[in-house]
1. Do we find that A16 is of a type outside the set (D, E, K, R), touching a residue at least 40 places away in the same chain (Cβ under 8 Å), more than 20 Å from G106 (Cβ to Cβ) and surrounded by fewer than 19 Cβ atoms within 10 Å (Cβ to Cβ) in this structure?
2. I'd like to check something: does segment 33-40 contain any residue that is of a type outside the set (S, T, N, Q), farther than 22 Å from E144 by Cα and in contact (Cβ under 8 Å) with a residue 24 or more places away in the chain?
3. Would it be correct to say that F64 is more than 19 Å from the chain's Cα centre (by Cα) and of a type in the set (F, W, Y)?
4. Out of curiosity, is P136 touching a residue at least 40 places away in the same chain (Cβ under 8 Å), surrounded by fewer than 13 Cβ atoms within 10 Å (Cβ to Cβ) and either closer than 19 Å to V117 by Cα or more than 14 Å from the chain's Cα centre (by Cα) (or both)?
5. Confirm whether A125 is assigned to a loop (DSSP other than H, G, I, E, B) and within 24 Å of G20 (Cα to Cα).
6. Determine the pairs where a residue that is in the same structural domain as S60 (by TED's automatic domain parsing) and hydroxyl-bearing (S, T, Y), located within segment 85-105, has a partner that is assigned to a loop (DSSP other than H, G, I, E, B) and surrounded by fewer than 15 Cβ atoms within 10 Å (Cβ to Cβ) with Cβ atoms under 7 Å apart, the partner being 6 or more residues away or on another chain.
7. Here are E223, E179, E171, E161: which of them is outside the structural domain of N8 (by TED's automatic domain parsing), within 15 Å of the chain's Cα centre (by Cα) and of a type in the set (D, E, K, R)?
Amino acid sequence: MGLNRNANLAMLGLVADRLGDLREQVVFLGGCTTGLLITDTAAPDVRATMDVDLIVEVASALEFHDIEAEMQKRGFTPDVESGIRCRWRSGDLIIDLMPDDEEILGFSNRWYSDAIVHAVEERLADGAVIRRVSAPYFIATKIEAFNGRGNGDYLASHDFEDIVTLIDGREELYAEIEESDALLRRFIAYTFKQWAEDSDLFIALAGQLPPDAVSQSRYSILERKFEAIASMD
């Protein structure tokens with residue numbers, strides 16, 4: 001297990017511990033969960049992340065405020081100085097807590113609601129059980145994030161980097177996407193097809209792999225995996 005993966009999972013575990021039973025209401029996603037999704041033991045290390053992303057299903061702004069109140073009871077404080085409405089801190093930990101309803105904070109991700117419905121239980125090293133995003137919904141939420149803030153720059157985007165990491169490092173990803181809801185599957189496949197029409201895409205795939213010879217030797221397999229997903233119906 002790589003150093004970044006270890007550090008990310010340790011950070012995730014600390015957040016889960018401080019949430020206590022509140023973790024039953026939230027779903028972990030984003031870059032901090034990438035290490036939980038990698039199944040190829042020979043895959044390169046994941047990128048280091050500085051925060052832990054959580055999403056929660058709420059029916060109203062009042063219900064979200066109730067969740068925020070529970071966060072404060074557990075020692076989390078709003079990070080007002082950051083200017084990021086969803087950001088919280090607990091000591092050195094940084095947490096982004098996002099509702100599935102765009103109306104509450106003025107932003108969301110179209111896949112959050114379904115990602116919550118299809119969340120997967122995961123037992124951490126210390127025995128704590130969390131709910132995390134499934135691999136196909138991880139890809140979908142990252143695509144949506146890249147489309148919103150990536151400016152089409154595959155090499156500079158952490159969202160695209162996480163997508164590449166998962167394609168490269170999760171052996172069962174193709175089958176999971178293939179077995180997913182048709183709308184989700186077609187969204188991922190269509191996006192990959194569109195990206196593949198950009199001549200910069202395949203250069204970026206190689207660029208997102210670590211520069212050492214062993215990691216770069218994985219490129220041809222990574223390219224085939226990408227094209228296979230893009231070819232799904």
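The values are calculated or read from the model by the stated rules, or taken from the named source; none is laboratory data. These numbers come from a predicted model, not from an experiment. Because the Cβ atoms are built from the backbone with ideal geometry, glycine has one as well, and the counts that use them run over all protein chains shown.
1. So A16 fails the test.
2. Yes: one or more hits.
3. Criteria met by F64.
4. The answer is no for P136.
5. Yes.
6. S90/G75
7. Just one listed residue meets the conditions, E161.
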